[in-house]
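A.B. asks: Here it is, the structure, as C-alpha cells.
All of the numbers you see were taken from the coordinates with simple rules; none came from a lab. Note that this is a predicted model, so its numbers are computed, not measured. Methodologically, a virtual Cβ is constructed for each residue, glycine included, from the backbone with ideal geometry; neighbour enumeration extends over all protein chains shown.
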Amino acid sequence: MSKYVDGFVLVVPKGKEVEYQKMAEMGRDSWMKHGALQYFECRGDDLKQQEMGDEKSRAYSEMTGATSDDNVWFSFIVFNSREHRDEVNKKVMDEMSEAYQEQTDFIMPTDMTKMAYGGFEVAVEG
C-alpha cells in the first residue's frame with residue numbers, strides 16, 4: 001500500500017532548540033493520537049554541499065537562508081494516503097486551535113519565512 005508524506009524544512013535559531021523540541025513533541029503526540037503512522041523531527045548534523053561528479057549539491061543552509069546562528073531541521077509525517085493526511089491534519093488543527101485560542105502572545109521558535117512545506121506521494125518505498 002502506498003503512503004503519503006508531509007515534509008518540512010525549518011530554520012530554528014540557536015538558543016531556541018529546546019523550545020522548538022518541546023513544541024515538536026507536543027505536535028508528535030497530537031499527530032500520532034489522531035492517526036499519523038510515523039512522525040519525525042530531525043536536527044541537521046551534516047549539511048555540507050556534496051560533490052556529485054562534476055556538480056555540487058546545494059547545502060540546506062543555502063537553500064533555507066540559514067545563517068551560522070541557525071539550525072536546520074528536516075521533519076516529516078507519514079500517512080496512509082493524502083485523504084488520510086487531510087483527515088488527520090484537520091483533527092490536529094482543530095485541537096491546536098482550541099488549545100491556543102486564548103494565547104495572543106505566542107511566538108513561534110522557528111523562522112517561518114525560511115520554512116518550506118509540501119505533501120508528497122510516496123513513489124518508491126523500502
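A.B. asks: Which shape class applies to the chain: rounded if a/c is under 1.5, otherwise prolate when a/b exceeds b/c and oblate if not, where a ≥ b ≥ c are the square roots of the Cα gyration tensor eigenvalues? Let's see the in-between values first.
C.D. replies: On the way: a/c = 2.47, a/b = 1.19, b/c = 2.07.
Since a/c reaches 1.5 but b/c is at least a/b, the shape of the chain is classed as oblate.
A.B. asks: Would you look at the GNM of the chain, springs on alpha carbons closer than 10 Å, and say which of Lys33, Lys48, Lys114 moves the most?
C.D. replies: Lys48
A.B. asks: Test of understanding: in a Gaussian network model of the chain with alpha carbons linked when under 10 Å, which of Gly53, Gly44, Gly35 would top the mean-square fluctuation ranking?
C.D. replies: Gly53
A.B. asks: Within straight cross-link reach of Lys90, meaning Cα distance under 26 Å, which lysines are found once same-chain residues fewer than 8 apart are removed?
C.D. replies: Qualifying lysines at Cα under 26 Å: Lys3, Lys22, Lys33, Lys114.
A.B. asks: Still on this model: Towards the positive end of the charge dipole of region 56-118, with charges on Cβ (+1 Lys, Arg; -1 Asp, Glu), say which of Met115, Met63, Phe76 has the farthest Cα.
C.D. replies: The residue sitting most towards the positive pole is Met63.
A.B. asks: Assuming a ≥ b ≥ c are the square roots of the Cα gyration tensor eigenvalues, decide whether region 1-51 counts as rounded (a/c under 1.5), prolate (otherwise, with a/b larger than b/c) or oblate. Don't skip to the end; give the middle numbers.
C.D. replies: On the way: a/c = 3.42, a/b = 1.25, b/c = 2.74.
Oblate.
A.B. asks: Rounded to whole Hz and in sequence order, give me ³J(HN,Hα) for region 33-43 from the Karplus expression 6.51 cos²θ - 1.76 cosθ + 1.60, θ = phi - 60°, writing x for Gly and Pro.
C.D. replies: Karplus values, whole Hz, x for Gly and Pro: 4, 8, x, 4, 7, 8, 9, 10, 10, 10, 7.
A.B. asks: Let me ask another. Mind telling me which of Thr67, Thr104, Thr113 comes out most flexible in a GNM of the chain, alpha-carbon contacts under 10 Å?
C.D. replies: Thr104
A.B. asks: At 222 nm, what value in deg cm²/dmol follows for the chain if DSSP H runs of at least 4 each add -39500 (n - 2.57) and the sum is divided by all its residues, to the nearest 500?
C.D. replies: Values: 3 runs with 41 residues, N = 126.
Per the formula, -10500 deg cm²/dmol.
A.B. asks: Could you tell me the center-to-center distance, by alpha carbons, between region 37-101 and region 1-17 in angstrom?
C.D. replies: Their Cα centres are 2 Å away from one another.
A.B. asks: Please list 3J(HN,Hα) in residue order for region 103-111, calculated via the Karplus relation 6.51 cos²θ - 1.76 cosθ + 1.60 where θ = phi - 60°; whole Hz, with x for glycine and proline.
C.D. replies: Per residue, the Karplus-derived 3J(HN,Hα) values read 7, 10, 10, 5, 10, 5, x, 10, 8 Hz.
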